[in-house]
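Q: Encoded as structure tokens, here's the structure I'll be asking about.
The values are calculated or read from the model by the stated rules, or taken from the named source; none is laboratory data. None of these values were measured; they are calculated from a predicted model. Don't worry about glycine lacking a Cβ; one is built from the backbone with ideal geometry, like all the others, and counts go over all protein chains shown.
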Amino acid sequence: MSLQLYNKKRNFKDTPEPSGKQKKTASKLIFVVQRHKASHLHYDFRLEMEGTLKSWAVPKGPSLNPKDKRLAMMVEDHPYSYRNFEGIIPEGNYGAGIVEVWDTGSLSDIDNSDTATAEKKLIAGLKAGNLKFTLHGKKLKGEFALVKLRGKQENAWLLIKHRDKFAVDEDYNSEEKTPKNSAINKWLEKNKEHQKPIAEKKVTTALKKKE
Ligand code: MN
């Protein structure tokens, strides 16, 4: 597992995000969902494996309703230290905008094995394109699956809630589960009048420079 791409995309003199180093977790595996207002608002879904955070961008955010199949685009591995990153990524940087932690907690396989066994199972699931896991968060609880779409875009997966005691039948909108006074919402409110779209051109230029 490599953090090369993560490091390549970012200029750490310019962004407050942590630089990419592999780090083993203390005991339990963790997950984190970060809400990220970049050019578009989306959710970044991250699962710890082998000292890094396997990452998917979920445009609509996760759902506790098993009927929802939420598109999840796999992106580059993020460092373990990204799990509690919150802050503003300045304009001109990759992912420019603002990030807040939406939910976090421990991660296990669905059999609740010991950490080493769970990690092996998760990695096998990831490789097979069919990853089953259990989340122990404040908002996200119970069993989920990430299923790779075959014959579609290379990195497209679906995030699906399994039916268990934490599943819901009503519509699930992650935006409604976000406090009105969250850091991003306050920031959006403050920047309302003089809000300008994030300059995507600048980001592209910044990326090209590093290649
Ligand atoms: Mn993101």
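Q: Tell me which of these LEU126 doesn't satisfy, since it passes every other one: (1) surrounded by fewer than 15 Cβ atoms within 10 Å (Cβ to Cβ); (2) within 19 Å of ALA57 (Cβ to Cβ); (3) among the aliphatic types (A, V, I, L, M).
A: Looking at each condition in turn, LEU126 falls short on (1).
Q: Then there is this: Inspect the stretch 148-159 for any residue being in contact with a helix residue (DSSP H, G or I) (Cβ under 9 Å, 6 or more places away or on another chain) and surrounded by 15 or more Cβ atoms within 10 Å (Cβ to Cβ) and give the result as yes or no. Outline the logic, then answer.
A: Going residue by residue through the stretch 148-159, those that are in contact with a helix residue (DSSP H, G or I) (Cβ under 9 Å, 6 or more places away or on another chain) are 148.
When the remaining residues are screened for being surrounded by 15 or more Cβ atoms within 10 Å (Cβ to Cβ), the result is 148.
Yes, that holds for at least one residue.
Q: For the stretch 96-110, give me the residue count where each residue is surrounded by fewer than 20 Cβ atoms within 10 Å (Cβ to Cβ) and free of Cβ contacts under 8 Å to residues at least 60 places away in the same chain.
A: Of the residues in the stretch 96-110, 1 are surrounded by fewer than 20 Cβ atoms within 10 Å (Cβ to Cβ) and free of Cβ contacts under 8 Å to residues at least 60 places away in the same chain.
Q: Still on this structure, I have one more. Return the pairs, sorted by first residue and then second, in which the second residue is in a helix (DSSP H, G or I) and of a type in the set (A, V, I, L, M, F, W, C), the first residue lies in the stretch 75-95 and is more than 21 Å from LYS23 (Cβ to Cβ) and more than 14 Å from the ligand (Cβ to nearest atom), the beta carbons are less than 6 Å apart, and the residues are 6+ apart or on different chains.
A: Every condition considered, the pairs that remain are GLY92/ALA206.
Q: Please go through the stretch 67-82 and give me each residue that is surrounded by fewer than 19 Cβ atoms within 10 Å (Cβ to Cβ), within 24 Å of LYS161 (Cβ to Cβ) and of a type outside the set (A, V, I, L, M), ordered by number.
A: Hits for the stretch 67-82 are LYS67, ASP68, LYS69.
Q: Would you confirm, using the coordinates I've provided, whether GLY125 is assigned to a helix (DSSP H, G or I), under 19 Å from the mean Cα position of the chain (by Cα) and either at pLDDT 95 or above or of a type outside the set (Ser, Thr, Tyr) (or both)?
A: Values: assigned to a helix (DSSP H, G or I): yes; under 19 Å from the mean Cα position of the chain (by Cα): yes; either at pLDDT 95 or above or of a type outside the set (Ser, Thr, Tyr) (or both): yes.
In short, yes.
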